[in-house]
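Notes follow the structure.
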Amino acid sequence: MREMKDSGIAWVTTIPKNWDTIANKYIMKKIKHINPVYGGEDILSLTVNGVIVRDLDAGGKMPTSFDGYQFLYPGNLLMCLFDYDVTPRCIGLIKNKGITSPAYSQFVMKEGFSAEYYYYYYLMVDHTKAILHLAKNLRHSFTEDQLGTISVPVPPLKEQYAIATFLDEKCGEISKVEADVQKQIETLEQYKRSMITQYVTKGVDSNVNLRDSGIQWIGKMPSHWEIIRGKYILKYMQKPVRDDDGVITCFRDGEVTLRSNRREDGFTMSDKEIGYQGIDVGDLVVHGMDGFAGSIGISDSRGKASPVLNVLDTEQNKRYIMYYLRSMAYSDVFLALATGIRVRSCDLRWNKLAELSYPIPPLEEQQAIVDHIDSVIIKTDAVIADKKAQLETLDEYKKSLIFEYVTGKKEAPAV
């Protein structure tokens, strides 16, 4: 058992007796080297996965201007010292040379201090936002001087290296397991999507006779089904708003509910609710801008919403129509039909929904399809929930591991 002492740092508690504490300003120094002309350098971003190269091919945005962009150097720390309360990750270890926004702060370590160790230390601090109470102003920001006065533990340099090496290995092992579990979740989500498409276009009877639907994204469908355009089976609703109505949002996971049932943070509230409409429980809703991504569902609440939401009624089974429209979103059909120039968007206003072709089984068969899809989704979601719980457990284990070793509660093997 190591002999311990009080560190004097509330979020650290005790440290080994042979460790010291010191103010930040004595262990690292802020630097900022401005990039006057863009020369094709990698554009780096501080993300929940650390400091990464922005992938422009995968949708990462090129800055509109490089004025003030700063060079980053491998081996330094990159910190976000603003919006500390809401930024998901405020610390990163720079591994690639490149440039990034001047809003971030780059620190070079002074002699005798390991950037790798203090990366893990500040990652531990970031997990709990332990220094949030020290941040100033409404944006919960730190100045360099404020950060400089905060005390940190100082293990012997050899032990700093040992701790960082040990955590690199252990956290790497955990991350591999997390990546495997996340891949399983993605596979299950894709299974749900393909299953929905299968049943809303082919039905649940695998022995039924099929015929060509004449619609590319449907292919063959049961021969007794009809193809009907939306304007003949759907009714566009425009309901009045009540004084006590809360705001309803149609989310990309298909949930249509009061915004207050999920979260209020991050939403822009309109000063003037021009064109707002009423929505009742059971209404079929298609988001006019995000429907391509799956924002299609049936409302579980009474409320009001922006006119960008299409509120629909039908004598067909609403859940069947909902699942069919979602299958088109999952298969990128809406994107393929898009005529606008906005990237990854598609206008799904009523005039387009009205002209779409819908495969229509008999009502009793629609119900059977919905029951089958609902049953599979319930079972699959239960497995997904278990996988997500595994991820949470792994994440908590990783956090506790980092805390125990960067504060000296456990001793890392010597390098």
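Checking every residue in segment 138-146 against the condition of being touching a residue at least 60 places away in the same chain (Cβ under 8 Å), of a type in the set (D, E) and under 25 Å from E396 (Cα atoms) gives zero matches. The sole residue among I174, I196 that is closer than 17 Å to P359 by Cα, β-branched (V, I, T), in contact with a helix residue (DSSP H, G or I) (Cβ under 8 Å, 6 or more places away or on another chain) and in a helix (DSSP H, G or I) is I196.
Hey, among R252, R344, R302, which residue is among the basic types (K, R), out of contact with any Leu (no Cβ under 6 Å at 6 or more places or on another chain), modelled with pLDDT under 95 and at negative phi? Within the list R252, R344, R302, the selection yields R252. Restricting segment 330-339 to residues that are modelled with pLDDT of 75 or more and small (G, A, S), which is surrounded by the fewest Cβ atoms within 10 Å (Cβ to Cβ)? Applying the filter and picking the extreme gives A336. Looking at segment 13-28, which of its residues are surrounded by 15 or more Cβ atoms within 10 Å (Cβ to Cβ) and of a type in the set (D, E, K, R)? The answer is K25, and nothing else.
Taking the condition assigned by TED's automatic domain parsing to the domain that holds F113, crowded, with 16+ Cβ neighbours inside 10 Å and under 30 Å from F82 (Cα atoms), does I131 pass? Yes; evaluated as a whole, the condition is true for this residue. Pairs are defined by a Cβ separation below 8 Å, a sequence spacing of at least 6 or placement on different chains, a first member in segment 340-366 that is of a type in the set (K, R) and surrounded by 19 or more Cβ atoms within 10 Å (Cβ to Cβ), and a second member that is outside any loop (DSSP other than H, G, I, E, B) and modelled with pLDDT under 95; the pairs so defined are K352/L337. Whenever a residue of segment 230-241 is assigned by TED's automatic domain parsing to the domain that holds Y276, its partners that are surrounded by 15 or more Cβ atoms within 10 Å (Cβ to Cβ) and part of a loop (DSSP other than H, G, I, E, B), lying with C-beta atoms within less than 8 angstrom and at least six residues away or across chains, give the pairs G230/L356; I233/Q316; M237/D283; V241/E273; V241/Y276. Residues considered: S141, S206, S194. Of these, the only one that is farther than 30 Å from Y330 by Cα and either of a type outside the set (A, V, I, L, M) or under 28 Å from the mean Cα position of the chain (by Cα) (or both) is S141. Just to verify a result, which residue in segment 295-317, among those that are in a strand (DSSP E or B) and of a type in the set (G, A, S), is surrounded by the fewest Cβ atoms within 10 Å (Cβ to Cβ)? Filtering first and then ranking leaves S299. Note on segment 206-229: residues that are surrounded by 11 or more Cβ atoms within 10 Å (Cβ to Cβ), out of contact with any Phe, Trp or Tyr (no Cβ under 6 Å at 6 or more places or on another chain) and not in a loop (DSSP other than H, G, I, E, B) total 8. Just to verify a result, which residue in segment 50-68, among those that are touching a residue at least 40 places away in the same chain (Cβ under 8 Å) and either surrounded by 12 or more Cβ atoms within 10 Å (Cβ to Cβ) or of a type in the set (S, T, N, Q) (or both), is farthest from T149 (Cα to Cα)? Among them, the one singled out is V53.
Per-residue answers, yes or no, for (1) closer than 29 Å to G39 by Cα; (2) out of contact with any Asp or Glu (no Cβ under 7 Å at 6 or more places or on another chain); (3) surrounded by fewer than 13 Cβ atoms within 10 Å (Cβ to Cβ); (4) of a type in the set (D, E):
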{"position": "L93", "(1), (2), (3), (4)": "yes, no, no, no"}
{"position": "N96", "(1), (2), (3), (4)": "yes, no, no, no"}
{"position": "T100", "(1), (2), (3), (4)": "yes, yes, no, no"}
{"position": "V108", "(1), (2), (3), (4)": "yes, yes, no, no"}
{"position": "D126", "(1), (2), (3), (4)": "no, yes, no, yes"}
{"position": "H140", "(1), (2), (3), (4)": "no, no, no, no"}
{"position": "Q146", "(1), (2), (3), (4)": "no, yes, no, no"}
{"position": "P156", "(1), (2), (3), (4)": "no, yes, no, no"}
{"position": "F166", "(1), (2), (3), (4)": "no, yes, no, no"}
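Scanning segment 104-158 for residues being under 23 Å from C171 (Cα atoms) and acidic (D, E) gives a total of 2.
Contact map, segment 388-411: residues that are surrounded by fewer than 17 Cβ atoms within 10 Å (Cβ to Cβ) paired with residues that are outside any helix (DSSP H, G or I), Cβ distance under 7 Å, separation 6+ or inter-chain. Pairs shown: E404/K410; E411/R2.
The values are calculated or read from the model by the stated rules, or taken from the named source; none is laboratory data. Note that this is a predicted model, so its numbers are computed, not measured. Positions of Cβ are generated from backbone atoms using ideal geometry, with glycine treated the same way; all protein chains shown enter the neighbour counts.
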